[in-house]
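**Q** Following this message is one structure expressed as structure tokens.
The values are calculated or read from the model by the stated rules, or taken from the named source; none is laboratory data. Please read these numbers as outputs of a predicted model, since none were measured by experiment. Because the Cβ atoms are built from the backbone with ideal geometry, glycine has one as well, and the counts that use them run over all protein chains shown.
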Amino acid sequence: MRIWTITNQKGGAGKTVLATNLAVEGSTKGLKTLLIDLDPQQSATKWWEAREAEEPLLIKCLYNQVIENLEAAKKQGFELVIIDTAGREGLIHTEAIDKASFAIIPCQPSLDDCRSALPTVDIIKNSKIPFSFVITRCPTSGEDLQEAKNSLSAIGLVCNTPTYERKCYKRAYADNLSVKEYDASDKGAGEITAIFEYILSKEDRLGKQI
């Protein structure tokens with residue numbers, strides 16, 4: 001079972017948008033996918049409860065329930081579990097990272113965001129879990145993306161495909177959809193597919209499934 005934990009202590013990094021889109025992507029590729037919402041704000045839960053589609057499935061739980069829910073997910077035949085964590089609270093409770101087969105750190109392309117990701121990186125490295133940054137909410141012009149790539153690549157892997165600041169992400173999320181469900185021809189849909197395939201390949205090479 002693949003377990004992808006999406007984590008970053010800094011708010012506004014786009015964790016939930018990335019988690020929900022990757023979960024839908026997993027389902028569309030035929031993987032039995034579960035999205036676990038650990039954020040007390042329950043943004044992913046509210047998005048999911050308003051959906052008409054039956055997949056992916058979602059459960060909300062507390063950090064001290066992570067292990068038992070992962071064990072239950074494995075028994076129920078889930079192939080991919082994506083965990084959407086809270087911000088700073090996720091740095092206190094590390095079970096979601098310890099049990100991951102791969103960790104994903106969304107990070108906006110600014111010096112402050114790159115620096116703010118360091119405590120999260122330290123925890124992941126202590127857990128010896130393979131991880132990668134995904135640069136999110138990039139402006140469509142300027143040098144921010146390349147500067148962020150240069151900064152983050154000194155710390156760990158960086159996904160070649162970022163997400164850009166596109167209207168489709170906000171509109172799809174507001175309609176309780178993924179970008180691919182909202183408009184499969186939009187560039188945002190291609191970004192999510194590329195990120196999903198990247199994580200899949202890196203996990204196959206570096207990760208360990210339970």
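**Q** Could you grab me the full set of residues in the stretch 1-50 that are in a loop (DSSP other than H, G, I, E, B), touching a strand residue (DSSP E or B) at 6+ places or on another chain (Cβ under 6 Å) and within 20 Å of residue 189 (Cα to Cα)?
**A** Scanning the stretch 1-50 gives 13, 14, 31.
**Q** Does residue 66 satisfy being touching a residue at least 40 places away in the same chain (Cβ under 8 Å) and buried (at least 23 other Cβ atoms within 10 Å of the Cβ)?
**A** On the way: touching a residue at least 40 places away in the same chain (Cβ under 8 Å): no; buried (at least 23 other Cβ atoms within 10 Å of the Cβ): yes.
No.
**Q** Then there's this: Applying the selection to the stretch 124-161, what residues are surrounded by fewer than 18 Cβ atoms within 10 Å (Cβ to Cβ), β-branched (Val, Ile, Thr) and either closer than 17 Å to residue 206 by Cα or modelled with pLDDT under 95 (or both)?
**A** Once the filter is applied, which keeps residues that are surrounded by fewer than 18 Cβ atoms within 10 Å (Cβ to Cβ), β-branched (Val, Ile, Thr) and either closer than 17 Å to residue 206 by Cα or modelled with pLDDT under 95 (or both), the stretch 124-161 yields 140, 155.
**Q** While we're looking at this one, here's another question. Out of the residues in the stretch 169-209 meeting the condition of being in contact with a helix residue (DSSP H, G or I) (Cβ under 7 Å, 6 or more places away or on another chain) and part of a loop (DSSP other than H, G, I, E, B), tell me which one is nearest to residue 2 (Cα to Cα).
**A** Among residues in the stretch 169-209 that are in contact with a helix residue (DSSP H, G or I) (Cβ under 7 Å, 6 or more places away or on another chain) and part of a loop (DSSP other than H, G, I, E, B), the one nearest to residue 2 (Cα to Cα) is 178.
Residues are listed down the side, and each one gets a yes or a no for (1) at pLDDT 95 or above; (2) within 22 Å of residue 114 (Cβ to Cβ); (3) among the small types (Gly, Ala, Ser):
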{"site": "163", "(1), (2), (3)": "yes, yes, no"}
{"site": "176", "(1), (2), (3)": "yes, no, no"}
{"site": "180", "(1), (2), (3)": "yes, no, no"}
{"site": "183", "(1), (2), (3)": "yes, no, no"}
{"site": "186", "(1), (2), (3)": "yes, no, no"}
{"site": "199", "(1), (2), (3)": "yes, yes, no"}
{"site": "204", "(1), (2), (3)": "no, no, no"}
{"site": "209", "(1), (2), (3)": "no, no, no"}
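**Q** Is it the case that residue 58 is at pLDDT 95 or above, closer than 21 Å to residue 134 by Cβ and part of a strand (DSSP E or B)? Step through it out loud before you land on a result.
**A** On the way: at pLDDT 95 or above: yes; closer than 21 Å to residue 134 by Cβ: yes; part of a strand (DSSP E or B): yes.
So residue 58 fits the description; yes.
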